Amino acid sequence: MAIRGPRLEFAVGAFLLLALASLLVLAIASTNGKFGFGGGNTYPLKARFSTIGQLRPSAPIKIGGVVVGSVADIQLDPVKYDSIVTLAIDNRYKDMPADTAAGIFTAGLLGESYIGLQPGGDMDMLKPGDEIVFTQSAVDLMQLVGKYMFSGAPKPADGEDTAPQDPETPATDSTPTDPTPPSTEDTP
């Protein structure tokens, strides 16, 4: 049996501290440095969507690709059955024009959903708790693919040729156009 010396114990302790520091860095990186403490540096806006797709609370809100807030809450309107999304916008961007438009988009083909804001040109500004009127619901990619795949392309009418024609080559017909048959005699 080997005797554990102070060097081995120090190495094991240093390794454990390094592992814990790595976990802390990973935790900070995965939350973008925000742990949900306070929350006093944002103001709420509301937006109404007919479908939200895969949008979840804490999804980012972007203007021109820059994150300016996050989704705080998602509720269902019991009367109109629309989704009411509460946006938590950073106070640095509190002067949002009243005609700002909001849309639900997907980052990449299968990426996360986010809300994209497009500020308008109105001189009036949205106040905390106001509703964004101009919204675009999420596009259901699977529904679009299903419609395309199962609806099929339009079928050609009877008698139409389905092969594409090259514009450089003349069209050929199977019926001869010259009524005289070609001569088989050799002429000197």
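Give the residue that is nearest to residue 43 (Cα to Cα), with candidates limited to residues of segment 99-113 that are loosely packed, with under 15 Cβ neighbours inside 10 Å and hydrophobic (A, V, I, L, M, F, W, C).
Across segment 99-113, the extreme among qualifying residues is 107.
Quickly run through segment 138-153 and pick out the residues that are modelled with pLDDT of 75 or more and in contact with a Leu (Cβ under 9 Å, 6 or more places away or on another chain).
The one that is modelled with pLDDT of 75 or more and in contact with a Leu (Cβ under 9 Å, 6 or more places away or on another chain): 138.
Which one of the conditions (1) loosely packed, with under 13 Cβ neighbours inside 10 Å; (2) closer than 23 Å to residue 30 by Cα; (3) not hydroxyl-bearing (Ser, Thr, Tyr) does residue 77 fail to meet, given that it meets all the rest?
It is condition (2) that residue 77 fails.
So, in segment 27-52, how many residues would count as being at pLDDT below 85 and more than 19 Å from residue 95 (Cβ to Cβ)? Working first, answer last.
Quick first cut of segment 27-52, residues at pLDDT below 85 only: 27-40.
If we keep only those that are more than 19 Å from residue 95 (Cβ to Cβ) too, we end up with 27-39.
Counting residues in segment 27-52 that are at pLDDT below 85 and more than 19 Å from residue 95 (Cβ to Cβ) gives 13.
Looking at segment 114-134, can you tell me whether even one residue there is surrounded by 13 or more Cβ atoms within 10 Å (Cβ to Cβ), polar (S, T, N, Q), closer than 22 Å to residue 76 by Cα and modelled with pLDDT of 65 or more?
no
So, of the residues in segment 88-108 that are out of contact with any Ser or Thr (no Cβ under 8 Å at 6 or more places or on another chain) and in contact (Cβ under 8 Å) with a residue 40 or more places away in the chain, which turns out to be nearest to residue 69 (Cα to Cα)?
Of everything passing the filter in segment 88-108, 94 is nearest to residue 69 (Cα to Cα).
The values are calculated or read from the model by the stated rules, or taken from the named source; none is laboratory data. In this text the structure is predicted, and so the values were computed from the model without any measurement. Because the Cβ atoms are built from the backbone with ideal geometry, glycine has one as well, and the counts that use them run over all protein chains shown.
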